[in-house]
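The values are calculated or read from the model by the stated rules, or taken from the named source; none is laboratory data. Bear in mind that the values here come from a model prediction, so they are computed numbers and not experimental data. Every residue, glycine among them, receives a Cβ derived from its backbone with ideal geometry; neighbour counts consider all protein chains shown. The accessibility values were calculated without ligands, DNA or RNA, using every heavy atom of the protein model including side chains. Shrake-Rupley method; radii C 1.70, N 1.55, O 1.52, S 1.80 Å.
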Amino acid sequence: ALRSRAQTPRHSGALTPSLGTEGQHLDLMHGVLREEVQRRKDSIAAAKLLKAEGRRGPCQLARSAAKADSASPASQRRAGPESPEGDSEKESLWEEVFMKLRDDNELHRHQLPNALEMVGVPKPNQEWIDDVYAFITSFNTLGKDEFLSFVKEYEVRQRHAYAEAFTRWDIDGSGLLEPVELAALMQSFGIEPMKHVLDEVVATVDCDGHGTLDFSEFEAVMTLIQRQEGFTKRECEVFRDVFHRFDHDKSGSVDTQELAGILRWLGFHVDHQQLDEVVEEVDVDGSGSISEQEFVLCMRKVREREIQRVKAVMLENDADGSGSVSAEELGNIFEALGYEPDQVVIDDMARELGLPTEGGELDFGQLWQLLAAFRSREGFSDEDMKDISDAYTRYDTDRKGEVSTLEVGKILHWLGYVVPLEVQQEIIDKVDVDNTGCLDICELRKLIRMYNDNCLRTVRQAFVDICGSPAGAITLKEAGEVLRNEAGIDYKGKFPPVLKHDLKIEADFVGISLAGLVATCNRLWKAARQRLQANCGFDDEQVLEFRALFVSFDKDASGDIGKSELKMLIEQAFPDLAHDKKMRPKLMQVLREVDSDGSGTLDFGDFLQVMQRIRERRDQEKLTKELTAIKETGFLQNEVKEFRELFRSNCAVGEFRMPKNEVVRLLCKACDFQMKQLTEFSDIFHEVVERHTNPQDSEVPDNCDFPEFLWLMQKLLEIDFAGIKSNHRGSQG
């Protein structure tokens with residue numbers, strides 16, 4: 001069949017690959033086929049022998065395992081090029097790509113590189129495209145059947161190229177390739193093989209376990225690499241899981257506008273320009289949405305760009321041209337890539353991966369492993385990971401491996417983080433994207449990482465605003481202002497200690513770099529969290545205020561106060577709680593929980609615990625109010641998220657209530673709001689706020705919290721106030 005195909009003239013309907021002379025090509029293919037036939041004969045003979053002895057060989061075991069899970073989507077994706085399942089799935093994908101890219105039921109020639117990428121070809125070869133296209137048609141477009149024929153012929157061309165390359169790299173003529181030769185061979189096809197991916201794929205297809213590959217095994221490697229877009233099986237599973245989390249309506253697609261959030265969720269640092277380029281390359285039909293397969297393709301393109309960044313940074317730091325970098329430069333390399341781990345995190349990761357630290361050299365593959373590990377652990381050290389795990393276990397009382405989002409505030413307080421409830425909910429929206437109302441341990445780490453990132457982003461922006469560039473330096477006085485105003489660190493006395501390499505010292509200037517400022521913030525934040533942990537989540541200033549209050553009721557200076565004194569203390573500190581009949585049973589329960597020895601008295605440590613429990617209960621009431629508002633208004637998760645962003649952007653910094661006049665300003669943008677309607681709106685506003693305000697309050701406030709804002713929006717939409725529902729400007733607002 002091969003000889004017949006090779007000898008058929010081009011015009012008769014067959015394609016002859018350009019791979020040297022016809023005789024060389026035939027010798028190559030005959031050699032490959034002879035080796036394959038002999039290998040299969042040997043395998044069959046060995047299998048018969050093993051069967052007679054009651055044992056199964058490695059290939060039989062692999063086939064048995066594949067058969068056991070053949071019904072799963074994962075096994076369908078693993079199906080080899082010869083399998084009916086694989087063929088059926090491939091052709092379905094090809095048809096799907098055609099339908100997506102077609103124009104008037106035809107596919108234009110210039111779209112073929114994009115189409116091939118979408119069907120899983122990592123680096124389409126333009127020369128092959130031109131040759132195959134000329135064989136299929138002389139017109140500028142392809143119909144569906146022609147496109148399917150084109151992809152099939154391209155695969156034939158690709159397989160022949162694989163055979164030629166295999167022979168070329170099989171230097172000793174053994175018919176086998178070593179893994180080292182395999183990596184170089186793949187690079188010749190424009191594929192950058194990651195060592196951990198290659199190791200996994202080779203282990204999957206190397207049925208005889210010899211560590212070398214014959215041609216059929218090599219072809220299986222290329223097929224797996226192609227189908228998994230160059231990722232490991234686990235990486236593909238993670239990406240597909242994330243895709244389904246963000247596919248809120250279960251339509252099988254996600255909005256391209258959500259890609260930035262998805263990448264942040266995964267821990268990638270990609271700037272807007274790069275993201276726009278990736279979207280343009282993947283969303284070729286401009287639909288504004290991508291499928292699951294396109295999302296994996298998107299992640300491959302993100303990785304390709306990061307690979308180029310890593311190589312460029314390595315080149316800058318590779319002083320001796322060895323192709324590796326010293327472990328001491330890792331901090332600078334991570335910073336150049338947009339990540340900011342401290343040295344402890346780097347050392348922990350290197351130890352986990354068995355990589356060198358002091359005095360060692362790392363190649364590209366090892367550096368890439370470190371980056372993957374950094375994202376996997378969300379940038380935390382071993383100590384941080386243990387602290388978070390301990391806190392999680394403390395509140396995962398039923399040991400189901402998940403905690404309610406209602407418990408997140410308690411976990412954060414226990415870890416020493418003081419995060420306003422409103423900020424917690426913003427980050428929970430970004431983490432609990434599938435709206436389960438629960439977080440697993442990985443999601444909790446992600447939530448804390450996002451909060452830390454937000455804090456650092458504020459510091460970085462303040463630095464750039466002062467310096468004009470992230471590459472310069474600012475004075476220690478200016479840095480002190482950033483610490484106080486942006487980082488929330490009110491240090492005492494002179495500027496905190498800074499490592500020498502983080503300082504910029506010149507003849508008449510002493511300043512600090514951005515990396516030095518970030519490192520200082522991280523160090524001071526960690527120290528502050530340790531103090532907060534010891535003080536039940538309260539900062540030093542709050543503790544001083546509570547101590548003064550406590551001492552004022554400790555008349556005999558015994559260091560203890562009785563329940564009657566505590567009651568008066570609470571009335572003074574929290575009059576709204578003390579006079580709320582609904583809260584009294586809850587306060588009594590808190591006192592019983594804290595007074596574990598039943599003595600009826602509380603020392604200052606017990607008193608701090610009471611204050612902590614009261615704060616947690618208040619937060620829970622706010623959260624319950626918000627969940628009630630979401631349920632009663634019927635807004636979808638993405639709508640709530642958009643409303644929250646709108647609400648927060650119109651609140652003053654550090655405030656979590658929106659003034660009525662700001663709501664009016666929004667309505668003027670969103671609909672045909674006229675000032676003559678102001679009285680009607682004010683009545684609606686106060687009616688909504690009053691209905692959901694604590695009866696203990698003496699007057700209705702002229703502002704609203706987020707749940708009240710949701711109820712207000714629902715009311716305005718319900719009555720179509722000022723045409724808010726029908727006016728086109730509503731979508732723009």
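Take A319 and A573, extend 7 Å from each Cα along the Cα→Cβ direction, and tell me the distance between the two endpoints in nm.
5.7 nm
Figure the gain on full extension for D104 and H501 (residue separation times 0.36 nm, minus the Cα-Cα span) and round it to one decimal in nm.
136.7 nm
Counting only Cα, what are the radius of gyration and maximum Cα-Cα distance Dmax of the range 240-342, in Å?
Using the Cα atoms of the range 240-342, the pair Rg, Dmax is 16.4, 54 Å.
Using each residue's phi in the range 405-416, evaluate 6.51 cos²θ - 1.76 cosθ + 1.60 at θ = phi - 60° and report the 3J(HN,Hα) Karplus result to the nearest Hz, with x for Gly and Pro.
Going residue by residue, I get 4, 5, 8, 4, x, 5, 5, 4, 4, 5, 7, x Hz, with x marking Gly and Pro.
Suppose R0 equals 60 Å; then what is the FRET efficiency for L476 and T679 from their Cβ-Cβ distance, rounded to the nearest 0.05?
0.65
Determine which residues of the range 700-726 fall in the zone a paramagnetic label at E632 would reach in this model, i.e. backbone nitrogen under 20 Å from the point 7 Å along Cα→Cβ.
700-721
For the range 315-329, just list the computed ³J(HN,Hα) in residue order, Karplus coefficients 6.51, -1.76 and 1.60, θ = phi - 60°, integers in Hz, with x standing in for Gly and Pro.
4, 5, 9, 9, 5, 9, x, 7, x, 9, 10, 6, 4, 5, 8
Extent of the range 348-503 along each principal axis, from alpha carbon coordinates, in Å, largest to smallest?
Projected onto the principal axes, the Cα atoms of the range 348-503 cover 51, 42, 28 Å.
Could you pull out the pairs from K504/K526; K250/K622; K386/K526 whose alpha carbons sit more than 20 Å apart here?
K504/K526; K250/K622
Once amide H atoms are placed 1.01 Å from N in the peptide plane, what residues at a sequence separation of 5 or more from T141, or on another chain, have their amide H within under 5 Å of its amide H?
Placed amide hydrogens put nothing under 5 Å from T141.
From the residues V254, V242, V279, which one has its Cα farthest along the dipole of the range 238-333 in the positive direction, the dipole being from +1 and -1 charges on Cβ of Lys/Arg and Asp/Glu about the Cα centre?
V242
Report the full-extension gain for the segment R648 to R531: residue separation times 0.36 nm, less the Cα-Cα distance, to one decimal in nm.
My answer for the length gained is 39.2 nm.
For a paramagnetic label modelled at 7 Å from the Cα of K400 toward its Cβ, which residues of the range 415-446 fall within the zone defined by backbone nitrogen distances under 13 Å?
Residues passing the 13 Å test: 436-440.
So what does V119 come to for accessible area, using a 1.4 Å probe and Å² rounded to 10?
About 20 Å², ignoring ligands and nucleic acids.
Give me the count of lysine pairs in the range 82-211 whose alpha carbons sit under 22 angstrom apart, restricted to pairs 8 or more positions apart or on different chains.
10
Enumerate the amide H contacts of N650 below 5 Å, restricted to partners 5 or more residues apart or on another chain; note that Pro and chain-start residues carry no placed amide H.
Close amide H contacts, sequence-distant or interchain: none at all.
Using θ = phi - 60° and the Karplus relation 6.51 cos²θ - 1.76 cosθ + 1.60, list the HN-Hα couplings for the range 193-208 in order, rounded to whole Hz, with x at every Gly or Pro.
The phi angles translate into x, 7, 4, 5, 6, 4, 4, 5, 5, 4, 4, 5, 9, 7, 5, 7 Hz.
Once you have the Cα-Cα distance between F509 and Q308, take 0.36 nm times their residue separation minus that, and quote the gain in nm to one decimal.
68.7 nm
Limiting things to C-alpha atoms, what are the Rg and the maximum Cα-Cα separation (Dmax) for the range 78-207, in angstroms?
My reading of the Cα-based Rg and Dmax gives 16.5, 53 Å.
Please state the charge dipole magnitude for the range 161-284, taken about the Cα centre, from unit charges on C-beta atoms (+1 on K and R, -1 on D and E), reported in debye and rounded to the nearest 20.
For this selection, approximately 320 debye.
Pairs of Cα atoms under 8 Å, at least six residues apart: use those to get the relative contact order of the range 247-346, whole percent.
Relative CO of the range 247-346 lands at 21 percent.
Would you mind giving the three semi-axes, in whole Å and largest first, of the ellipsoid equivalent to the range 319-425 according to its Cα gyration tensor?
They are 35, 14, 11 Å, listed from largest to smallest.
How much of the accessible area of the range 321-458, probe 1.4 Å, is carbon plus sulfur, in whole percent?
Here it works out to 47 percent.
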